[in-house]
Amino acid sequence: MVLELQKPRPIWQIMFSTHHTDVGLLYLISSLAFLFLGGSLALAIRAELFLPGAQIIGDAMTFNRIFTVHGTTLIFLFIIPFASAVGNYYVPIMVRYKDMAYPKLNAIAFWMIPPAGALIWLGFADFTWYATPPYSIISAPGPAADMWIFGLKILGISSVLGAINFVVTILKCKHPDMSIGQVPLLAWSFLSSSLIILVAIPTFAAALLMLLTDRLGVSGFFNPAMGGDPIAYAHLFWFTFHPEVYVLVIPAIGMMYEIIPRFSRKPIYSYNSGVFAFVLLSIVGFSSWAHHMYATGMSFTEKTVFMVGTLAAVPASAMHVFNFVATMWNGRIKFSTPMMWAVGGIALFFSAGAGGVANAAMPLDFTTHDTYWVVGHFHLFVMGTIAFGSIGYLYYMFPYVTGRMYNETMGKVHFIMSFVGTVLVFFTQHVLGLYGMPRRIFDYPPIPEWIAMNQIATVGAMIIGVSMAIFLANMIYSSGKGKLANTEDPFGIGGKYYYPFEAKNPSH
Amino acid sequence: MSGHSNWPEWVYIGVVVALMVWVGAEAWEAERLVEHVPEDAKTIIVTGQQWFWTFEHEDGTKEIGELHVEVGKAYKFEIHSKDVNHAFNIHDYVVLMDAIPGRVNTVWFAPTDVGTHDIQCREYCGLIHYNMRGTLIVEDPKA
Ligand code: HEM
Ligand SMILES: [Cu+2]
Ligand SMILES: [Cu+2]
């Protein structure tokens, strides 16, 4: 697996390969491409909101399409495929197997992503990442909406195939000398998130088909004009997508479990508690979906049930934070770039969770729901926790993938700017929500507090934008011209770097 | 694991669980009180449609985009939608309830001070969602 770029191969050899590190590389490159594409849309949104009135985006329809494709891209085409990249590289090595359990299926799961991405980007739908009916049935313009539905359908199948592969690889292909209790936490994170996918995704897959036939006019499941119920869609959607938020976050936590002990030069504080928290979260995560629906007119009892279900999942997340802090405690920590990202990510994870508890408490949610508070809340997870863990891990695996080192100073500058930017954008958006600004609005009245908060957020976003340009330059330059890495111990922290180094690619 | 004792983690989990129980209990109690609609509340029928709000008072008078109410009285909103989902919101009074076609949701409030407040839509409803706004005017009938 190492020295991918030092021994150049024709590109088609990688594209038609089914070897796990080649498929991993494909996942890696496509997910990063979508990170930059989706990120540019975010900068456009923030630039537009810098001042009230229409500035750079001409009309509301374009704006609505931009935030829809922004969210869809970063969740489904960056976060999930990036995790698959890491899983492809590391899971087989961690369970000491020669490849993924089903290599062809693995390649097929990847190759479903580019056509799905093309459908989403060429369509450019406007009905937000949850495509709520009846808007999505009677009002959203086609063919964009239909292309989005097909795109998500394909991505759902791709996720399910990938999940089957991870579950079988971990449970059936691990080395016979290895018990399940010796499988590293990163692999455990893939086992848990894959099992969640297998339980959660089919529900949304069904809802998507129903949405499509509703749009075609042949059914009326969610269309009140035909006797259907839009609330049914909301339940089906969130039954999939609340658990799905754990699918997004659990692999990122797994990546932090690799980085934190390495750079603290200490074993993980409690392996068992990490495993327990993953498994617990995968189960309890299914008891809270309707906390997204407090304002749809649910009864007091229903709201209470889902509030309790939500609060019940908090200790499991909190256990990870404890585990990380306890691991770093008294460690001889080396703050190389990957460690900075991981530690920053944990701090933001904690703040995000605290905001989540406020959303869960039902009377408070009527203040925060569908305001910028919610946008701030989940971005502290998707950007602050998941992207931070993922980017940290990318720096960590860079020498193993390319055989070269990235530029450490640029990596640190990237982190510091992104951290400051993330705090400026998303903490501010929490405040903006308390001032009452609804989410998903193209323009806003000139309320002084709203203008001030929006301007801080836009400045923060631009800082992140610049840092991402530095990141891109670092990655491109260093993979060709960077210093040769010492693959035995690229970060100079001692200890044994067994995992990535042992992978053998038959086509080398 | 063996090696070291885990009591700090158990204490920590205990604290987190206790905090969650406290948050849950407080929220339950507050929501229970907030949802209790006063007997004498007057009904206002609120209708959302792309992209404006219509209000109908008990005496049959209708208003579009503006809502006049009297200070100190309680009002119960019955929220309808004619097309897609919207969310009726008076942020200053924490009034928020989805307007969903085919169903009637209710929420109540009692304005405490004379003045004007923004009404807005907080659920994405398409092209002009950003400007589906209105004004609440709280008046003193004796003044
Ligand atoms: C662990 C990773 C988490 C992720 C990735 C995540 C993600 C999200 C997302 C995407 C939404 C927005 C849904 C929308 O579009 O309206 C959301 C809302 C919400 N989250 Fe989280 N969340 C996480 C953890 C938590 C935790 C730990 C809590 C509670 C303790 C929580 C409570 C809530 C609540 C109650 C809402 C609904 C807010 C509303 O719409 O009014 N979340 N979360
Ligand atoms: Cu949720
Ligand atoms: Cu709206």
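Here, each number is a calculation from the coordinates, and none is a lab measurement. Everything numeric in this text was worked out from a predicted model, so none of it was measured. So basically every Cβ, Gly included, is an ideal-geometry build from the backbone, and we count neighbours across all protein chains shown.
See the values below:
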{"item": "CD proxy at 222 nm, helix term only [per DSSP H run n ≥ 4: -39500 (n - 2.57); per residue of the protein assembly as shown; nearest 500]", "result": "-19000 deg cm²/dmol"}
{"item": "Rounded to whole Hz, the Karplus (6.51, -1.76, 1.60) HN-Hα couplings of region B:103-117, x for glycine and proline", "result": "8, 10, 9, 10, 7, 10, 7, 9, x, 9, 9, 6, x, 10, 9"}
{"item": "Other-chain or far-sequence residues with amide H under 5 Å of A:Tyr102's (modelled H)", "result": "none"}
{"item": "Kirkwood-type radius of region A:271-338, with distances r between different C-alpha atoms, in Å", "result": "14.1"}
{"item": "Reference-scaled alpha-carbon Rg (2.2 N^0.38 Å with N residues) for chain A", "result": "0.95"}
{"item": "Efficiency of FRET between B:Tyr93 and A:Thr301 - r from beta-carbon atoms, R0 30 angstrom, step 0.05", "result": "0.75"}
{"item": "Ranked by how many other beta carbons lie within 10 Å on average, peptides A:284-296, A:86-98, A:201-213 from highest", "result": "A:86-98, A:284-296, A:201-213"}
{"item": "Spatial extent of region A:412-495: Rg and Dmax, with the Cα atoms as the point set, Å", "result": "19.0, 58"}
{"item": "Charged-residue dipole, Cβ positions (Lys, Arg, Asp, Glu), chain A about Cα centre, Debye nearest 20", "result": "1480"}
{"item": "Using a Förster distance of 56 Å, the FRET efficiency for A:Gln13-A:Gln455 (Cβ separation, nearest 0.05)", "result": "0.65"}
{"item": "Dipole magnitude of region A:34-190 about its Cα centre (Cβ charges: Lys, Arg +1; Asp, Glu -1), debye to nearest 20", "result": "540"}
{"item": "Total charge dipole magnitude, chain B, about the Cα centre, Cβ charges on Lys, Arg, Asp, Glu only, Debye to nearest 20", "result": "340"}
{"item": "Charge-dipole axis of chain B as Lys and Arg at +1 and Asp and Glu at -1 on Cβ define it, positive-most pick from B:His57, B:Ala143, B:Leu19", "result": "B:Leu19"}
{"item": "A:Ala225/A:Lys483 FRET efficiency (R0 45 Å; Cβ-Cβ; nearest 0.05)", "result": "0.10"}
{"item": "Estimated translational D of region A:38-172 in µm²/s (Stokes, Kirkwood radius over Cα pairs; 10 °C; 1.306 mPa s)", "result": "96"}
{"item": "Crossing angle, helix B:7-34 versus chain B [Cα axis fit, 0-90 degrees, rounded to tens]", "result": "20"}
{"item": "DSSP H segments from chain A that extend 27 Å or more along their own axis, Cα-based, with Kyte-Doolittle mean of -0.5 or above", "result": "A:20-49, A:144-172, A:185-216, A:230-264, A:300-328, A:337-360, A:448-481"}
{"item": "Beta bridges by DSSP in the protein assembly as shown, antiparallel share as percent, to the nearest 5", "result": "70"}
{"item": "Under-5 Å amide H pairs with B:His80, H placed in peptide plane, nonlocal only", "result": "B:Val46, B:Thr47, B:Gly48"}
